[in-house]
Amino acid sequence: MFVRALKIVREWAGQGRWRRVILAGLGLWAGGAALLWVAVGLTALPGGLEQETEPSVIFLDRGGVPLRLTRRNGERFHLPVLLKDCPGTFIQATLAAEDKRFWSHGGVDWIGAVRALKDWVAQGRVVSGASTITQQLIKQVDPRPRTLGTKALECLRAMKLERTWGKSEILERYLNSIDYGNLCQGAGVAAWFYFGKPLADLSIAEAAYLAGLPNAPSRLNPRRHPERAKARQELILWRMRRVGWLDDASLKRAQEEPIILSREERPFLAPHFTEFLNARKEHEGIVRTTLDVRLNQIAGRVLDERLCGLEGKNVTQGAVVVIENATGGVLAMVGSRDFFGKRGGQVNGAWAPRSAGSTFKPFTYLLGLEAGLSSATVVADVPTRFTTPTGVFEPHNYNRRYRGPVRLREALANSLNVAAVKVLNKAGGAEVLHERLKTCGLDTLKEKAGHYGLGLTIGNADARLLELANAYACLARLGIWKPYTLEQGIAVEGKRVFGRREAWLVADFLNDDGARAMAFGVDGPLKFDYPVACKTGTSSDFRDNWAFGYTPEFTVGVWVGNFDGTPMADVSGVEGAAPVMHEVMDYLREHFGASWFERPKGLVEARVHPLTGKLSDLGVREWFLEDNLPGRSEEMDFDAGGRVRLGAEYAEWMDGPDNWLGDGIVLSDGEENIFKIMVPLPGTVFYLDPNLPENSSRIRLRASCSDARWSSGTLDCVEAADGIFAKLKPGRHWLKVEAGGRHLKTWIEVKAL
């Protein structure tokens, strides 16, 4: 067949000179094409084509709002996209802008090249370019000086790339590598940077606007030259119409649509949250977080306003955490009043360990209920000393006043320290609370339980706001603990840590405005128009204060204080943190609603006497586990005049100024005749601080009867207006007390610091 064809060509060529000329031209063309084919085959592709740019990270809030865009290793911003995820309108706009014959040429657009050459000859300068997308990709990975030799090599490489890769692969790599200005490499990150949304969500107008930028990223910078970028967009829209990718109606809509650029060039919202998330593990690409940026901004504003109102009381900082109870997702994390503030603004107060104050008490009372105490169990809130392995421990209430007989509900609602220590003692001691708090994720408890002792329940340990808020979220789930989450799509399993019924009772205690009235009043930041379980806490010397509130839906935690640990000027949790918690909770209710806990099965309501805690037809209403009802009040609980009989532990309190019950109580028969030493207990160790004034080196001596006489062979016992005191000095000392012909002895040891 080849011979026949050659014969035909010879016959045809022999018919005239012009035919020989044409044949020669065809031969030259065929030879040139063959040489070009060979040259393309011998051309090596630049190595950078296979190199992947390390992805940047963009953090989004739960609604898709960009929080922060970060670069990796100081490189450009880059978020890779797959071609299948790019909207068709953006691909069309890109081809209209850069290479309308992309799908049909082999790497070089010869038609465009001829047009560019003609324009150059006619105008004497470069009027239009002819580089295809494939050629631009070659230039992108291996930039060289603009010479004819460079152009020739670029063409050969482009044709070689078209033989090696598919069209879709070339276009995808181009869209991910081209420069869109402002350090944005690739269309994926450029869409977020300029419009604050993913590429797939761009309108036709936005797609054409973005597609025009690679032509001259600096000259068309929308932040500096929006009019130039808009003119380029108009040109691209008209090109799309000419090739039939837009109809007249779509063109008009796109032309009339205003271009609204994102306000944040590089978003930096919720900085403490994104810093915290970024530090926990390495991320890349799009990270969808649990944060609600609007809520976070509201919480930050509320905190700052409250701190402004406390500036005269040496209060400089605070932090807020909000948790969605159903998922464990952190909805808000405000680490300080101003991330860019000079006074520790970048410290994350949500993660900084601080003294816990009385915030552990609800967990103590849960343990007490699980151990068999009831809502109406009466605890003696009177000065009490506890003998522990490390010495004698004597807790005091916040205001140094004592309520005498109080039910568990009142004791927790009013945050009474002595009562909390007694409940913990009955529940099994520090070991039980320590273990349960660790189970709830409080990793700041590094020491063994014995290190903290019974004081653990009243705040002699540190806690982080985030971890403590998540522990309170466990209470809000009625005893089910989950780890907090920072990213969406992470399923976490819950585990039961406390009994459901007991957790409901504690929530009921913390929601009882009447029960806490004696300590917090009938009004104030803990009083809501809807049910909220509330707890505040204040550490020693007013160095920290806390407030927590929870409903079935949300848990809010607030810390207020100073990062340098200096004391505030008598600012308690009610004054400092609670107003912030209240306002954030109000916002949550207004925008998301609020409910209350459905009462679990197995709880019954009954009336009890408020001082004995026993069933009484005329008593106050209280909730109980159905299998743990108290007994009924008996005659022995009252004297002939109807006064409530109390045990000997109340004797001194009854004679003191804190006795608010007056003549309504009386010591049980025989209790008034019991003679015993109240303070000091045998073996108590005291330490003398040489820096304290002399009158601080003494202890008050107390016995169960008021006419007691004290003496010591080694210490001076002196009588003052407010009692009898022993002046301390180093050594072991015996003390003797006498009354009514009876006497008792005790001993103490005094050591110098």
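For this structure, a couple of remarks:
- Beyond 32 Å, the tail of the calculated P(r) for the chain holds 67 percent of the Cα pairs.
- Over the chain, dividing the summed -39,500 (n - 2.57) contributions of all DSSP H runs of at least 4 residues by the number of residues returns a 222 nm mean residue ellipticity of -10500 deg cm²/dmol.
- Beta bridges from DSSP with both residues in the chain: antiparallel share about 80 percent, rounded to the nearest 5.
- Grouping the Cα pair distances of region 51-256 into 5 Å bins from zero gives a pair-distance distribution of 1, 7, 14, 18, 20, 18, 12, 6, 2, 1, 0, 0 percent in increasing distance order.
- A simple rule links phi to the HN-Hα coupling: the Karplus curve 6.51 cos²θ - 1.76 cosθ + 1.60 with θ = phi - 60°, which for region 602-612 gives x, 10, 10, 9, 8, 9, 9, 5, x, 9, 8 Hz, with x for Gly and Pro.
- When the GluC sites (Glu not before Pro) in region 445-520 are filtered for DSSP coil states and for at most 11 other beta-carbon atoms within 10 Å of their beta-carbon, the remaining sites are Glu447, Glu493.
- In this structure, the amide hydrogen of Thr485, modeled 1.01 Å from its nitrogen in the peptide plane, lies closer than 5 angstrom to those of Gly329, Val330, counting only residues at least 5 positions away or on a different chain.
- Under the criterion of Cα pairs below 8 Å and six or more residues apart, the relative contact order for region 295-422 equals 17 percent.
- For region 376-467, the calculated P(r) over all alpha carbon pairs, in 10 Å bins from 0 to the bin holding the longest distance, is 16, 47, 32, 5 percent.
- Whole-Hz ³J(HN,Hα) from phi, Karplus 6.51 cos²θ - 1.76 cosθ + 1.60, for region 551-560, glycine and proline x: 10, x, 8, 9, 10, 10, x, 9, 10, 9
- Quick note on region 675-752: its Rg to Rh ratio, both from C-alpha atoms and Rh being the Kirkwood radius, is 0.96.
- Our Cα-only numbers for region 148-244 put the radius of gyration and Dmax at 15.1, 42 Å.
- FRET E, pair Glu257, Asp570, Förster distance 56 Å, beta-carbon r, rounded to 0.05: 0.40
- Amide H partners (placed H, <5 Å) of Ile724, local residues excluded: Leu701
- Restraint check, Lys197/Lys230; Lys361/Lys438; Lys342/Lys446; Lys230/Lys252, Cα-Cα greater than 21 Å: Lys342/Lys446
- Given Lys426/Lys729; Lys614/Lys745; Lys535/Lys676; Lys422/Lys601, the pairs whose alpha carbons are separated by over 32 Å: Lys426/Lys729; Lys614/Lys745; Lys535/Lys676
- Mean separation of Cα pairs under 8 Å and 6 or more residues apart, divided by the residue count, gives region 329-600 a relative contact order of 19 percent.
- Taking one quarter of the surface of the convex hull spanned by the alpha-carbon atoms of region 165-309 gives a direction-averaged projected area of 12.5 nm².
- Its relative contact order, with pairs defined as Cα atoms under 8 Å and 6+ residues apart, puts the chain at 9 percent.
- Counting every alpha-carbon pair across region 595-682, the share separated by more than 20 Å comes to 51%.
- Under the combined filter of DSSP loop state and at most 11 neighbouring Cβ atoms within 10 Å, region 330-412 retains these trypsin sites (Lys or Arg not before Pro): Lys342, Arg400.
- Ranking Asn562, Leu618, Gly683 by Cα position along the charge dipole of the chain, where only Lys, Arg, Asp and Glu carry charges on their C-beta atoms, puts Asn562 farthest toward the positive end.
- On a per residue basis, the convex hull of the C-alpha atoms belonging to region 329-600 measures out at 132 Å³.
Bear in mind that the values in this text are calculations on the coordinates, not laboratory data. All figures in this text were calculated on a predicted structure; none of them were measured in a lab. Heads up, the Cβs are rebuilt from the backbone with ideal geometry, glycines too, and the neighbour counts pull from every protein chain shown.
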